Amino acid sequence: MSKRSIILRNWPKYLLQWGVLAAIILFMTGLVSADKAADPEAYCPMGGLQALATYLANNSLPCSMSSLQVMMGIVLVAAVVLFSKLFCAYICPVGTVQDIIRKLRNALHIKSLKVRNGSAIDKFLRIVKYALVFWIFYMTVNASELFCKNLDPYYAVATGFKGEITLWMSIVTVSLTVVGSFVIDMFWCRYICPLGAISNSLKFWVWIGVLFGLYYVADVLGADIPWPVLLGAFCIIGYLLEIFHSKPKLQLLHITKEDGACNNCGLCNKKCPYHIDVRSCHTGKLTHVDCTLCGECVAACSTGALNIGISKPRKSKLWKLLPPVLTVALIAFGMWAGGKFELPTIDMKWGIEKVAEDGKVTQLVNPDALQTVRIDGLRSVKCYGSSMSFKATLEKIQGVHGVRVFVKRHSADILYDPTKTTVEKIQEAIYKPSKFRVKTPDPAAVSQLKVVTIRTEGMYDKMDLNYLGMKLRQTEKAIYGLESEFACPLIVRVYMDPAEDLSEDWFEEIVEMEVLQMPQHGGGVKEIACGYEFVEMEDEVTYISTEEHIRNMFSPFKAEFKSRVEEFESKPQYIYEFAHSNFEKPIYLRYMPYLSNHLSSHEGIIGIYLQLNKDLVPAIQIRYAAPMDQDKLWELITMDTWTITYSKDDVRQEAAKLTFKNPGTVYPL
C-alpha cells in the first residue's frame with residue numbers, strides 16, 4: 001500500500017497532528033495575532049500534572065500555572081486510564097515532529113537503527129524517562145517553578161530559546177529529539193519523554209492506584225512518609241511494570257485483530273512507529289504499553305484484519321474515528337472545565353495552632369471565630385512569587401491567620417480574627433501608596449501646579465493608579481501626575497496646570513471608563529478592564545511648585561559602598577554623569593542594580609546613582625576617585641558583556657543591560 005494511501009486512510013490523525021503543529025507555529029511566530037502573547041505552556045498536560053503535584057504537596061501552584069493546565073493534566077490521566085495515550089498520538093507537537101523526521105528519513109532511503117522492544121538495550125534506555133520524571137517533579141515541587149521548562153524541547157523551540165530555559169539542557173534535548181529520532185524511530189517518545197513515562201505507568205492504573213491508596217492509608221495512620229518516597233516508588237514501579245509486563249489490558253479501546261483475515265504481510269509491523277509486533281498478536285486485541293491508538297497499522301492493513309474496538313474486531317469504519325473524536329472531545333471538556341473553577345495559587349494558614357515536640361497540639365486561636373474577607377482587584381498579584389510576597393505582608397498584620405490567593409481573578413480570601421483587626425485595617429496594611437507621572441511639566445513654562453483631590457473605590461492595587469493615569473494621558477489635558485493615599489474611599493491627588501478647569505462630571509466619566517485601550521509596542525491595542533467607582537471631588541484646591549512636583553514624581557536609585565566612602569573621604573572625587581529625559585523610564589531603574597553590580601568590583605568606584613541633576617534632568621551618575629578615570633569608566637559601561645556577581649560562588653557574564661551612545665560629562669564632587 002502506498003504512503004499516500006495510508007495517509008488518506010488515516011487522515012484524522014494527520015489532520016489533528018499537523019493542524020495542532022500549524023496552529024502552534026502561527027501563534028508563536030506572530031503570523032496570527034492575539035489579544036495577548038501566546039503562552040507555549042497554556043494547554044500543556046505535563047505542566048498541569050506538575051502543578052497538581054505541587055498543589056497537593058504544598059498547597060500552592062507553580063508560577064504561570066492555572067486550573068486550565070491542571071485540568072488538561074487530569075484529562076490526560078483520564079484518557080490514558082480509559083482509552084490509551086491519545087495525546088501522544090494525536091496532539092503532541094514533539095511526536096508530530098518525530099513522525100515527520102521518520103517519514104523524511106524513509107523518503108531519503110536512510111535505514112534506521114532498529115532497537116527491538118524487550119531487548120536488553122531497550123530495557124536499559126527506558127529507565128531514562130523515569131529518572132527524568134523523578135528529577136522534574138522533585139525540582140518543581142520544591143521550587144514551585146515548572147522545572148520541565150529547562151529541558152522541554154517544545155518549549156525551547158516555541159520560545160526561540162528565550163524562555164525560562166537552561167540553554168545547555170535545551171540544546172541537548174532538542175538535539176536528542178532531532179538526531180535521536182533520525183537514528184531510532186520515536187526515540188524521544190520511547191526513551192526520554194517524561195510524559196511518556198507517566199502515561200505508560202498509568203496504563204497499569206490498578207497497581208498505581210494501590211500504591212497511592214497505601215500511601216494515603218499510611219498518612220491517615222500517622223506515618224509521616226515524605227512525598228519524594230511516593231514519587232520514587234511511582235517511578236520504580238512504573239519502570240518495572242513497563243519492562244516486565246509490557247501488555248496492560250485494562251483500557252477500553254484497543255487495536256483489534258481478526259486472525260482469519262490476516263495474510264501475514266507484515267505491513268502493520270513495518271508501519272508501526274513504535275515497532276510493536278502487531279502481526280504476532282493472536283489474542284484478538286493488541287495490549288502493548290507503547291500503543292497510542294495512532295491507527296497507522298490499521299491504515300496499512302489491506303485485508304481489514306485490523307481495526308479499533310473494545311474486544312472484538314469491528315468492521316465499521318466509524319470505529320477508526322473514535323480515538324481522534326475522543327481526543328478532541330476530551331480536550332474540549334478540559335478547556336471548558338478548566339475555565340469553570342480556579343485553584344488558589346497559595347492556600348496557607350499560620351498562627352492558629354502550635355505543635356510541640358511531643359506532638360501535642362495547642363490551639364492559639366479559636367478557628368470557629370475566624371472570618372474571611374475577599375479582597376479583589378489585586379492586579380500586581382499574578383504569580384507564585386508575588387502571592388508569597390503578599391502573604392509575607394499579611395503575616396505582619398496582627399490578627400491575620402491565613403490567605404488563599406487566586407491570581408487569575410486577582411483576588412485573595414484573607415482569614416482573620418475580628419477581635420484583633422478589621423477589614424479596613426487589613427486593607428490599609430496591604431495598600432502601598434503610589435504615584436504615576438502622566439507627563440513632565442516644563443518648569444520654565446509653569447512655575448506651580450494645581451492639586452485637585454478626588455475619591456474613588458475599587459483602586460486598592462498599585463497598578464490601578466497607573467491605569468487611571470493612562471486614561472488621563474489619553475485625554476491630552478494638561479495633567480502631569482497622580483498620587484494616592486489610603487483612605488476609604490481612596491484619596492487620589494491630581495496634579496495639573498493651573499489653567500485647567502475640570503469638572504466633577506468629567507472626572508467621573510474618566511474614572512468609571514470600564515475599559516482602558518492601551519496601545520502596544522509593535523502595534524495593536526491591549527484592553528484592560530478597570531471597574532473603578534468615582535465617589536466625589538473635594539472642594540479644596542491647593543498648589544505645589546513645579547520643581548517640588550518633579551522631584552516628588554521621580555524614583556531615584558542609590559548604591560554606595562561604605563568602605564570606599566571612608567577610604568576616599570579625603571581624596572579628590574568626581575561624578576561621571578549621563579543626563580537624558582529617557583532615564584525616567586522604569587526600565588532604567590530596573591537595571592541600575594546590574595550596572596552597580598558590574599562596576600562595584602573595580603577599584604575607585606564609590607557609588608552609583610539615578611537621580612535628578614541640578615537642571616531637573618534624570619541622570620545616571622557614577623562617583624569615583626583615582627585610580628579610576630573617565631576613560632576606564634567609559635570602557636566598563638560600554639562593554640558588551642557585564643560581570644554580575646550573584647554570590648561568592650556564582651559570578652556570571654551577562655549581556656549588558658543598558659547601552660550608552662555618547663560619553664558622559666565629568667565634574668568634581
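Each value in this text was obtained by applying a stated rule to the coordinates, not by laboratory testing. Quantities reported herein were computed from a predicted structural model and do not represent experimental measurements. Cβ atoms come from the backbone with ideal geometry, glycine included; neighbour counts cover every protein chain shown.
Using 0.36 nm per residue, how much length does the chain from Glu560 to Ser600 gain when fully extended, once their Cα-Cα distance is taken away?
Values: separation 40, 0.36 × 40 = 14.40 nm, distance 0.93 nm.
So the chain would gain 13.5 nm between Glu560 and Ser600.
Report D for the chain in µm² per second (integer): Stokes-Einstein, Kirkwood Rh on Cα pairs, 10 °C, 1.306 mPa s.
On the way: Rh = 29.9 Å.
Reported coefficient: 53 µm²/s.
For helix 93-107, what angle does its Cα long axis make with the longest principal axis of the chain, in degrees from 0 to 90 and rounded to 10?
50
So what is the relative contact order for region 556-668, in percent, with contacts set as C-alpha pairs under 8 Å and at least six apart? Working shown, then result.
Working: 181 pairs, mean separation 37.9, N = 113.
RCO, region 556-668: 34 percent.
On a 0 to 90° scale, report how tilted helix 45-58 is relative to the longest principal axis of the chain, with both axes built from alpha carbons and the result rounded to the nearest 10.
Roughly 70 degrees, rounded to the nearest 10.
For n ≥ 4 DSSP H runs only, could you compute -39500 (n - 2.57) per run for the chain, divide by its residues and tell me the 222 nm figure to the nearest 500? Write out the running numbers ahead of the final one.
Details: 24 runs with 266 residues, N = 669.
Computed mean residue ellipticity for the chain: -12000 deg cm²/dmol.
With angles folded into 0 to 90 degrees, how steeply does helix 318-338 sit against the dominant principal axis of the chain? Use alpha carbons for both and round to 10.
Computed tilt is about 20 degrees.
Just want to confirm a number: the relative contact order over region 3-244, from Cα pairs under 8 angstrom separated by 6+ residues, in percent.
21
Rank-order 78-84, 486-492 by packing density, defined as the average count of other C-beta atoms within 10 Å over each peptide's residues, highest first.
Taking the mean over residues of other Cβ atoms within 10 Å, the ranking is 78-84, 486-492.
Can you put Ile606, Ile121 in order, fewest other beta carbons within 10 Å first?
Details: Ile606 26, Ile121 10.
With the sparsest Cβ surroundings first, the list reads Ile121, Ile606.
Could you work out the relative contact order of the chain? I mean the mean sequence separation of Cα pairs under 8 Å and 6+ apart, divided by the number of residues, in percent.
Values: 1122 pairs, mean separation 63.9, N = 669.
Relative CO of the chain lands at 10 percent.
For the chain, build the charge dipole from Cβ charges (+1 Lys, Arg; -1 Asp, Glu) around the Cα centre, then report which of Leu221, Val179, Val141 sits farthest towards its positive end.
Value computed over the given set: Val179.
Which entries in the list Lys585/Lys632; Lys111/Lys270; Lys382/Lys648; Lys85/Lys320; Lys462/Lys657; Lys85/Lys247 go over 21 Å, if you measure between the two C-alpha atoms of each? Let's see the in-between values first.
On the way: Lys585/Lys632 27 Å; Lys111/Lys270 12 Å; Lys382/Lys648 32 Å; Lys85/Lys320 15 Å; Lys462/Lys657 26 Å; Lys85/Lys247 14 Å.
Over 21 Å Cα-Cα: Lys585/Lys632; Lys382/Lys648; Lys462/Lys657.
Measuring from centroid to centroid over Cα atoms, what is the spacing of region 535-583 and region 249-302 in Å?
If you average the Cα positions of each part, the centres end up 74 Å apart.
Could you check the simple spin-label distance between Lys648 and His521, using points 7 Å along Cα→Cβ, in nm with one decimal?
So the label points at Lys648 and His521 sit 3.8 nm apart.
If the reach is capped at under 16 angstrom between alpha carbons, list the aspartates and glutamates near Lys349, excluding any in the same chain fewer than eight residues apart.
Output for Lys349: Asp368, Glu395, Asp413, Asp417.
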